[in-house]
Amino acid sequence: MACNSSSCQSGCFRNEVEREQHSNPPTETRSDSNEPNLCVKCKANEPMCGAGEDGKFCLDCFRSNLYGKFRLAVTSNALITPADNVLVAFSGGPSSRVALQFVHEMQQRSQKNFDASKDRSLRVFGVGVVYVDESTYYSVPSCEIDKAIQDMKLTVSDLAPPAKELHIVPIESVFSLESSDGRERLKKLLDSVSDPTGREDLLLHLRMLALQKFASENGYNRLVLGLCTSRIACHVISATVKGQGYSLSADIQYADARWEIPVVLPLRDCLAKELNMLCQLDGLKTVEFLNKPHSGINGLVSSFVKLLQQENPSRECTIVRTAGKLTPFHFNKIPELNDSSVPLASRRRQKRFNLKPSESISSESFCPLCYSPLNKSDLTSLNGQESSENSNIFGAACCSSCRFQIFPKDHSSMEHFCSLLPGPVVARAKHGDSNGNFSLLRKQIQDCLLSDSEDET
Amino acid sequence: MEKEDSKSKKAGGRLCCICNQRRAALKRPKTLEQICRECFYEVFEEEIHQVIVENQLFKPGERIAIGASGGKDSTVLAYVLSELNRRHNYSLDLFLLSIDEGITGYRDDSLETVKRNEIQYGLPLKIVSYKDLYGWTMDEIVRVIGLKNNCTFCGVFRRQALDRGASLLKVDKIATGHNADDIAETVLLNILRGDIARLSRCTSITTGEDGPIPRCKPFKYTYEKEIVMYAYFKRLDYFSTECIYSPNAYRGFAREFIKDLERIRPRAILDIIKSGENFRISTSTKMPEQGNCERCGYISSQKSCKACVLLEGLNRGLPKLGIGRSRGHNNDGRKDGKQINGTSIESKQCGTLDF
């Protein structure tokens, strides 16, 4: 019953049968040929040793293969184009370290092309790096934090020019308060969530809010996350377990433009193992201690996926490929450049290979808390509830998953909980989707408006 | 000592949180509410009734076959369905339908249980045997092909035998005892395997509506643990030995994972099913075309149905026919080919998930 479909292309079935059948032969074939093992790609160098599945490549080919996956993702989905100003979210871990490295290399290449070209029509995209400091919530000694940040600053400043800056954004900045007040409020907010999984997910949402806020305030128009296949596979399973099957496909595409600043995942096709290995081989410095182990459902899921991956090395890919077959949302692509201020050459560079024709653009409503699209059944249960209080309206506008794992159960603490949420989140619930659409409309006619504020126009 | 005393008193004295009258006897697995036995029976049965009504599983006057293996799920299903049929006037004609695979030391014993159920619940029983339908018992098949791939034969034959038995009984529908845990596991497995077609239909409560005899799962939202609990408290007579030819006494990764999830968040099982129902799968995805088997007329996407291919192999002394990767004869062949011993991602390899 393993691969129950003729359409399954995961190769998991084949792998296992082959493993069974060829458990002995490989040693024979190896001893038959007296030639040394060669890299399967260039057939010139010796493959890396002790690298398991990746051992078939030599170091150079392994590297270029990995970079190739990144580049293909970027170019075929127009994730980064010459006119862009890109913000890389850097946690210090191996995935985001590689993301930073690759974005940097890509920038270097386009800088080279820029310098060499006569008309200089193609700009070089800008790159900034941001680290979200969550030490308010995780009790880590401040000296360790300082050292980690120092290390990361060094990593970023050591990159060859064009120079980049590492911005440190405290997570409590989402509250737009004085730092001490913000810290206090963040603690209170997270403490009011009793479910450990819910607390972790809320922190994740807040992190995204902090990144969005920073990117928007500092003139960035892309947010690069280092999410790799392994992490996405975990997300697929945990979203399924949390009942978020409908919104799942929104989170796992290369591009996610439901946010003000579109989020892109150029490492979507790279495995965590490969990224770890690249860091080791190239001596890319990572800061490990900040990696907090997951708890609750998320922890259970990641150990489950780890187990599956050990049983079959292609499992993570299969999971992501299955989820990739789910229908994406209309916002899962980078919006077309229509702005006339962008040079034509740059616009033309925004090529897209494998984008499906956009489906009928439905006006989605979003959960104000986790910003996942809501499906009809969520909406109908929403309308069924009679609510007069503010907190009730907010609760009803959220997805069932947030309602269960993040919201307090009783009404009195609900009011308190809502008062602790960052302003933009509450505003999202009040105005609903119409606000988003409205500002989108406004953007399109911006150049013809005489006043900056919405009230006057 | 004192502490222990007060503790036991507290636990013993707690009242059922539904009726607030009787003493709570159990913690309901689905909600963790502490309730009494009577209230448990009531909510358990009422939930199943609601599922039947909301999904219009049955129409008045229909003849329904209950797939009865003698195990806990089908025994509880038979009991509850006959109870609800009486209580809510479904006016259904219920039958028990059992398949005799011909496994000595397993099915003969479990069939004894079903025969007792026939009398206990007053439901007519029909037994269809592999021997009659195919000329082979599972014992004989295993003697020829060994313990590898035997579950493939059993699963394919059972699926068809159930339909054959149902048409002999002239029923309108088959009800099977798949529970919420089974369905949640299937959702996960289909994700792990990359099977988008099955992922899209594994959560439907009624399947095969385009075929001759639709099947439905009244226990779609019923937790396995509650079924066991119900059978335990009601002292229902069921058979709980595993098949002797299914050497997979271990639990599969996926099943284990679901049990772990249930421990920290009971609602997770329902959430997985909900996710399965809500996945955005485009309806234009190509599905295999259904035709009929040239030999026996059973629905098949190939020239001959899987059972006929397997049977031909057995009769011609080529038991490997239709198993494994031989893509030429039967495109579907490779799907059942993997029966590796050792750790697996799924729990029920012998095809009971299809039953």
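When the other protein chains are added to the chain by itself, burial of at least 20 square angstrom of heavy-atom accessible area (probe 1.4 Å, ligands and nucleic acids ignored) affects these residues of region B:180-205: B:Leu188, B:Ile191, B:Leu192, B:Arg193, B:Gly194, B:Asp195, B:Ile196, B:Arg198.
Between B:Arg143 and B:Val53, 0.36 nm times their residue separation minus their Cα-Cα distance comes to what?
On the way: separation 90, 0.36 × 90 = 32.40 nm, distance 4.65 nm.
Computed gain between B:Arg143 and B:Val53 is 27.7 nm.
With the charge dipole of region A:73-206 set up from +1 on Lys and Arg Cβ and -1 on Asp and Glu Cβ about the Cα centre, the Cα lying farthest toward the positive end among the listed residues A:Ser121, A:Tyr137, A:Ser157 is that of A:Ser121. Considering only Cα atoms, the convex hull volume of region B:164-206 works out to 88 Å³ per residue. First measure r as the distance between the Cβ atoms of A:Asp181 and B:Leu168, then evaluate 1/(1 + (r/R0)^6) with R0 = 56 Å and state the FRET efficiency to the nearest 0.05. Calculated value: 0.15. Put simply, the amide H of B:Asn292, placed in the peptide plane, has neighbours under 5 Å in B:Ser300, leaving out anything fewer than 5 places away on its chain.
What accessible area per residue, rounded to a whole number of Å², is obtained for region A:146-287 using a probe radius of 1.4 Å? It would help to have the intermediate numbers written out before the result.
On the way: 5440 Å² over 142 residues.
Roughly 38 Å² per residue, with all protein chains present.
The apolar share of the surface of region A:167-229, taken as the fraction of accessible area on carbon and sulfur atoms (1.4 Å probe, ligands and nucleic acids excluded), comes to 47 percent. Taking amide H as placed 1.01 Å from N in the peptide plane, B:Lys126 has its amide H under 5 Å from the amide H of B:Leu96, B:Leu97, B:Ser98, each at least 5 places away in sequence or on another chain.
Mind checking A:306-313 for the average number of partner chain beta-carbons within 10 Å of each residue's beta-carbon? Present the calculation step by step, with values, prior to reporting the outcome.
Values: counts 0, 5, 5, 0, 1, 5, 2, 0.
Taking all residues of A:306-313 together, the mean is 2.
With the charge dipole of region B:166-285 set up from +1 on Lys and Arg Cβ and -1 on Asp and Glu Cβ about the Cα centre, the Cα lying farthest toward the positive end among the listed residues B:Tyr223, B:Cys202, B:Gly177 is that of B:Tyr223. Each Cα pair under 8 Å and six or more residues apart adds its separation to the average, and for region A:112-248 the resulting relative contact order is 21 percent. Spin-label model, A:Lys41/A:Asp158: points 7 Å from Cα along the beta carbon direction are separated by 2.4 nm. Distances between placed amide hydrogens fall under 5 Å for A:Val127 paired with A:Val86, all partners being 5 or more residues away or on another chain. Per residue, region B:19-154 exposes 44 Å² of solvent-accessible protein surface, assessed with a 1.4 angstrom probe and all protein chains in place. Annotation: peptides A:75-84, B:151-160, ranked by per-residue average of other Cβ atoms within 10 Å with the highest first, follow the order B:151-160, A:75-84.
In this rough spin-label picture, where each label sits 7 Å from Cα along the Cβ direction, the A:Lys112-B:Arg201 distance is 5.4 nm. Projecting the Cα atoms of B:Pro124, B:Trp136, B:Val187 onto the dipole axis of region B:122-205, where Lys and Arg carry +1 and Asp and Glu carry -1 at the beta carbon, places B:Trp136 farthest toward the positive end.
The distance between label points at A:Ser412 and A:Lys376 comes to 4.1 nm (points 7 Å beyond Cα on the Cα→Cβ vector). Sorting A:272-280, B:20-28 by average packing, meaning the other beta carbons within 10 Å per residue, from highest down gives A:272-280, B:20-28. When the accessible areas of B alone and A alone are added and the area of the pair subtracted, with a 1.4 Å probe, the result is around 4500 Å², both sides summed.
The values are calculated or read from the model by the stated rules, or taken from the named source; none is laboratory data. Keep in mind that what you see is a predicted model, and the values were worked out from it rather than measured. Because the Cβ atoms are built from the backbone with ideal geometry, glycine has one as well, and the counts that use them run over all protein chains shown. Accessible surface areas use protein heavy atoms only, side chains included; no ligands, DNA or RNA. Shrake-Rupley method; radii C 1.70, N 1.55, O 1.52, S 1.80 Å.
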